[in-house]
Amino acid sequence: MIKNKLKTAVALGIIASLSACKNSSDDSSRKDDIELVPGSVKLGLLPDTQGGGWNVAVHPMEAALAKQQEEGVNVVIPVGDLTDNGSTHEWEQWVGVATKYREAGMEFLPVMGNHETSWAYTVEWIENMRHFIPEDAIHMPSAEWLNYYIIRENVLMIGLAYYNLPIAFGWIQEVLADNEGKFDHVVIASHDGLVGAKYGETREQIVEGEKDDNRLFDIHKEIRETFAEHDVIWVQGHEHMYQRSQIHARVYGSNDPGGRSSVDTLASTPSGGNYRMPSYTQIISGNASYKGYEYRYGERELIQDVVLHKMDTMKEGSEHYDVNAPVLSFTGDRVDYFAYSAPHTIERNEDGPKELANPQWTLMDTFSRTLDRCEVLIYPNSIPEGQRPILNHIVEYKTADCQSFDGGSAKLVGGTNNTFNRVDTTQRTLSFHEGFKRAESMNDLQRLAYRFLFTKNQGWDPNLNAQNRIIEGDNGFDGTGARQGNVVVPATTIDMKKHVTLSWQKADRNTESDRLIVSGMQVHGGVYQSAYGATKDLTTDVGLDGSQPDGTAKQPHPLPPTATQNWNVEEIVGDRYGIQFTANTNIDADKVALGMLVDGSWEMVAPIDCVIDSSWQESFLDLQPQAGCEDYPMVGYDNQYGNRWWMIADRDVEIALIRR
């Protein structure tokens, strides 16, 4: 296990400065091509702040903004439902809290939620928010103050009003084309999204959509392909819970309109370069209000893979709400993400700040990656044995080579995903109504559900979440004799996947090789939640009936002794896995060692006398370091290949070759 002082490297939040002072071993003549990194953008996400009772939830709002200010955030996106009823009193409350942070230097990019659309569209929203929206924002024609964008450094940020994605998509394409070369990163914010956790436009506007309303139906595939092409990070509110997932676009060989395929693996090709999955990241920002929702419908596995999900509802065994404060930090080609969560039991402003007078913040989710990366989904080791070879359901930490800028490469070479999170969902229904909705029969509704949301469980294409993802429900007629009814989406149990990335950054003055960032290995501590957020035990509690593709329930899972079964990323110890690092042969192996970034400084992963002279063997995962080397990760050098190193880690790491 990596020694304790390396724990702070877990979040990969430390961005090594390329302009750092040179140490005595620097060879500046070899570093003439060092690129300067532009200034950073720290973007905070402010979840829904509606408080109920014609009030804004001022205590969670204050706590979230104070935390983001502490983290150095310079831009905040309130992701809609700022108010409950859009009243003048609520706007006064919201503006009163936000103004002091704006005056302290934070920019605000507010987007309209459904509660503003319903209550405060033409008067209160524009009157209050036009003063927060930056003066240099470029607005969508005929949708001023609703849909707009700004560019800060190399980050393009687009804000959309609730339900505006279908009507604004053409404008988004124009914005991307007109600003080509001006940005490296794209963040699109709206109150809701294509998929969601409780809602989702694909379900609402397509599967259960109105007859002949094709605004989203005609372009949903193009939306996902465009967002995947531009590596969009989609951020939203609306759900009053936290979720991070990958939303997939259609690629050749995959299930139309966007299922997984055999190419969804971490691999690279000589002509195509490093492989990035045809998907984009969706972040449901969490909660900053006095209500929480249960997890409905679950993973839309045809187009979605859930990486992390957390909610607390103050009911059905859940003992508190959450306030969430996510932060996206962009520096050059790199993005570092930190999602903080704090519990509270406040139900109205009159209760006082209570726990939020001194919030107990936990870093509950994180990732770090660059534009040049390879990525893969690692499935949990709970898949029935007979299903594992199908559709590349990889449960081991193994990848193909990921190529560096300087002619080297790296790959994961061993380990199994035994430390993962689990969550239950509630039972819900999807409805049809002849003459009114797109689906006009039971069969038609099932067809749409399996075409746009869920994977139908079949031997050659199993649904890992349920044997029966949807089943027939009620069927009847309305007062006019038209058919109407529903299908049932049964409650089920979902095991989350790891989105693992290998990212490259060029060598800096402190490294002799390009730098490798391994991320996504430790956001799971083995937590199990009910559909309402109550704590369950993954090692003893059985999942819901029918939650395995063979019709059985997901069984308790024996976690490794290192599993923390909590949310704190800074404490989580992941599964042991192997990394192989192959450097350019021009680097003199006798003068370098494998190094790791620790607290902003590069250190050798292990002393030279602890380095094993051997090629990688998977059996090393079951061994402990040799005597005298117990405080360091196991490290080896493959002298048969030359300039090939390997190490065993149990968390996210940033490594490179450094001078001895």
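The values are calculated or read from the model by the stated rules, or taken from the named source; none is laboratory data. Because the structure is a prediction, the values reported are computed rather than measured. When we count neighbours, we look across all protein chains shown, and the Cβ atoms used for this are built from the backbone with ideal geometry, even at glycine. The area values use the complete protein model at the heavy-atom level, side chains included, leaving out ligands, DNA and RNA. Shrake-Rupley method; radii C 1.70, N 1.55, O 1.52, S 1.80 Å.
A few points about this structure:
- Distant-in-sequence amide H partners of PHE108 (H built 1.01 Å from N, under 5 Å): VAL76
- Between the residues VAL573, ALA410, VAL327, the greatest Cα displacement towards the positive end of the dipole of the chain, with unit charges on the Cβ of Lys, Arg, Asp and Glu, is found for ALA410.
- Loop-located GluC sites (Glu not before Pro) in segment 336-387 whose Cβ has at most 16 other Cβ within 10 Å (DSSP): GLU347
- Surface share of carbon and sulfur [accessible, 1.4 angstrom probe, percent] for segment 495-609: 45 percent
- Proximal aspartates and glutamates relative to LYS437, as straight alpha-carbon distance under 17 Å, when same-chain residues fewer than 8 apart are discounted: GLU201, GLU204, GLU208, GLU210, ASP212, ASP213, ASP218, ASP474, ASP478
- Filter on LYS67/LYS536; LYS221/LYS310; LYS67/LYS354; LYS398/LYS506; LYS182/LYS221; LYS42/LYS310 - keep pairs with C-alpha separation over 18 Å: LYS67/LYS536; LYS221/LYS310; LYS398/LYS506; LYS182/LYS221; LYS42/LYS310
- Compared with the dominant Cα axis of the chain, that is its longest principal axis, helix 220-229 is turned about 30°.
- Loop-resident chymotrypsin sites (Phe, Trp or Tyr not before Pro) (DSSP state other than H, G, I, E or B) in segment 460-553 with no more than 15 further Cβ atoms inside 10 Å of their Cβ: TRP460.
- Largest first, the three principal axis extents of the alpha carbons in segment 328-408 are 58, 42, 15 Å in whole numbers.
- For segment 540-614, alpha-carbon Rg relative to the globular expectation (2.2 N^0.38 Å, N residues): 1.82
- Proportion of all alpha-carbon pairs of segment 98-183 beyond 19 Å (%): 41 percent
- Simple rule: put +1 on each Lys or Arg Cβ and -1 on each Asp or Glu Cβ in the chain, find the dipole, and look at GLY51, LEU65, THR564; the Cα lying farthest toward the positive end is THR564.
- Reported to the nearest whole Å, the Cα centre-to-centre distance from segment 176-204 to segment 511-562 is 28.
- Accessible area of LEU176 (1.4 Å probe, protein heavy atoms only, ligands and nucleic acids ignored): about 10 Å².
- Local net charge near GLY72, Cβ-Cβ under 13 Å (Lys/Arg +1, Asp/Glu -1): -1
- Globularity index of the chain is 0.96 (Cα radius of gyration / 2.2 N^0.38 Å, N = number of residues).
- A full extension of the chain between GLN565 and GLU180 corresponds to an added length of 134.2 nm, given 0.36 nm per residue minus the alpha carbon distance.
- Rounded to 5, the percent of DSSP beta bridges in the chain classed as antiparallel: 80 percent
- Here segment 288-312 is scanned for amide nitrogen atoms under 18 Å from the site 7 Å beyond the Cα of LYS354 along Cα-to-Cβ, giving 288-294, 311-312.
- Computed over protein heavy atoms with a 1.4 angstrom probe, the accessible surface ordering of LEU464, LEU597, largest first, is LEU464, LEU597.
- Sites VAL95 and SER431, calculated FRET efficiency, Cβ-Cβ separation with R0 30 Å, nearest 0.05: 0.15
- The angle between the Cα long axis of helix 88-103 and the main principal axis of the chain comes to about 20°, on a 0 to 90 degree scale.
- With all protein chains kept in place, the per residue accessible area of the chain amounts to 36 square angstrom at a probe of 1.4 angstrom.
- Carbon + sulfur, % of accessible area of segment 132-261 - ligands and nucleic acids excluded, 1.4 Å: 42 percent
- Between segment 126-147 and segment 314-374, the alpha-carbon centres lie 28 Å apart.
- Probe 1.4 Å - accessible area at ARG428, Å² to nearest ten: 80 Å²
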